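To start, the structure under review is shown below, and the notes come after it.
We did not get these values from a lab; they are worked out from the coordinates using the rules stated. It should be emphasised that the depicted structure is a prediction, and the values quoted were computed from it without experimental measurement. Reconstructed Cβ throughout: ideal geometry from the backbone, glycine too, with neighbour counts over all protein chains shown.
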Amino acid sequence: MEVVSDPAEFSFSVGTRLDGQYGRTGELRTPHGTIATPAFIPVGTKATVKSVLPETMREIGAQALLANAYHLYLQPGPDIVDEAGGLGRFMNWPGPTFTDSGGFQVMSLGVGFKKVIAMEAVDTPDDNAVAAGKERLAHVDDDGVTFRSHLDGSKHRFTPEVSMGIQHRLGADVMFAFDELTTLMNTRGYQERSLRRTHEWAQRCIDEHERLTVERGHRPYQALFAVIQGAQYEDLRRKACRELEDIRGRAGTGFDGYGIGGALEKHNLGTIVGWCSAELPEEKPRHLLGISEPEDLFVAVANGADTFDCVNPSRVARNAALYVDEGRFNINTARFRRDFTPIDETCDCYTCANYTRAYLHHLFKAKEMLAATLCTIHNERFTIRLVDRIRESIAGGYFEEFRREFMGRWQGRIKAPGL
Ligand SMILES: [Zn+2]
């Protein structure tokens, strides 16, 4: 059946609001289905959540998946995904999909820093800082970024137009504007210059997005989110929000939503999200890029973030780290050799219904692939379910009670059996 691009297929509505805070429930409607927010969006970097079937991701309650434009650009290439009918069709995922702009991966190549949230502010900022043992693989200029592929060292260039072209061909329901990622290493002066650049790139993204939406009118409508940078500076974050809100394409298109990105420290995550929520239009969705730790989820939701994505639940699962309400533990340790109980008695996932800690321990020791599958199922379900419970607690008017109760257990005041 031929589909026709219709912007009305994408919308967001706010449900219950948290008293005196920016947190809220909502509904994000896309051409491929509706997402009840707050929602955790699992990451399938290369159009797969590593080691888990898309059908299983649906069974464990994933409402949408996020894939990575940089990785899919290098392999298999956006034309192949386009020919397949878009990202969802290609990977047999019928629900909503997101792609990030590729900016984060490309810029990370520039300095070798993997995780933005782990970055720490430094006493002596240095715009040329590179992580220890890393080589600078990307160079930013006012027009775009030139970088070398992490796969084969080949040279590539991303500009706002290139990123939009890639993301339109990937066909996700939600795309992100191409932005410059700065680090907490950068000087204030650099952050200001970078923000100007991100603003100019946002305008170019909207213009190109408008053009491609018309050119590819036979495809379902794709929404475009701006990305707010500005590091730890309140005035820069607020200014970025106001300026991005005002951007319009030649035909009057504005951004459909906003991503909060860039250099964040754990301790001021909530403050920064709160500044953005205070400035951004209330009727537009807000996505926080790259968080999944329970304490961060509560803080982000309370301060107004509607959706989040993070690769961590699956990444740490492959390293034998498992989440339960009482904290995170490693199934590799010897005390689980004869533990014939599930990871978590209270978890409703397939792994906990059918397998024991002793079996998972054995699979890791024997380096069996099934270890990754079973542990990823549990960790993704844990994170999705936690955000579902947070959403229910806002709707039910008991968010603060749930937060206190959960954080009391998470911080280890109550011990789980066998941990
Ligand atoms: Zn489980």
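For region 1-112, DSSP calls about 65 percent of its internal beta bridges antiparallel. Each Lys or Arg adds one and each Asp or Glu takes one away; over the other residues whose Cβ falls under 10 Å from the Cβ of ARG250, this sums to 0.
Mean separation of Cα pairs under 8 Å and 6 or more residues apart, divided by the residue count, gives the chain a relative contact order of 18 percent. Stokes-Einstein diffusion for region 1-115 at 20 °C, viscosity 1.002 mPa s, with a Kirkwood radius from C-alpha pairs, works out to 135 µm²/s.
Computed over region 321-410, relative contact order equals 29 percent, with contacts defined as Cα pairs under 8 Å that lie 6+ residues apart. Among the GluC sites (Glu not before Pro) within region 330-419, those in coil by DSSP and having at most 16 neighbouring Cβ atoms inside 10 Å are GLU345, GLU368. Where both bridge residues fall in the chain, DSSP classifies roughly 45% of the beta bridges as antiparallel.
Taking the Cα centre of region 321-410 as origin, sum charge times position over the Cβ atoms of Lys and Arg (+1) and Asp and Glu (-1), and report the length of that vector in debye to the nearest 20. Walk me through the intermediate numbers first.
Details: 14 positive and 13 negative charges, 94 e Å.
Its charge dipole is roughly 460 debye.
Shape analysis of region 218-348 yields a ratio of the Cα radius of gyration to the Kirkwood radius, Rg/Rh, of 1.12. The value given for the chain is a Kirkwood hydrodynamic radius of 21.9 Å, derived from the mean inverse Cα-Cα separation. In the structure shown, the pairs LYS50/LYS239; LYS46/LYS239; LYS46/LYS155; LYS155/LYS239 are assessed against 31 Å; a Cα-Cα span above that value is assigned to LYS50/LYS239; LYS46/LYS239; LYS155/LYS239.
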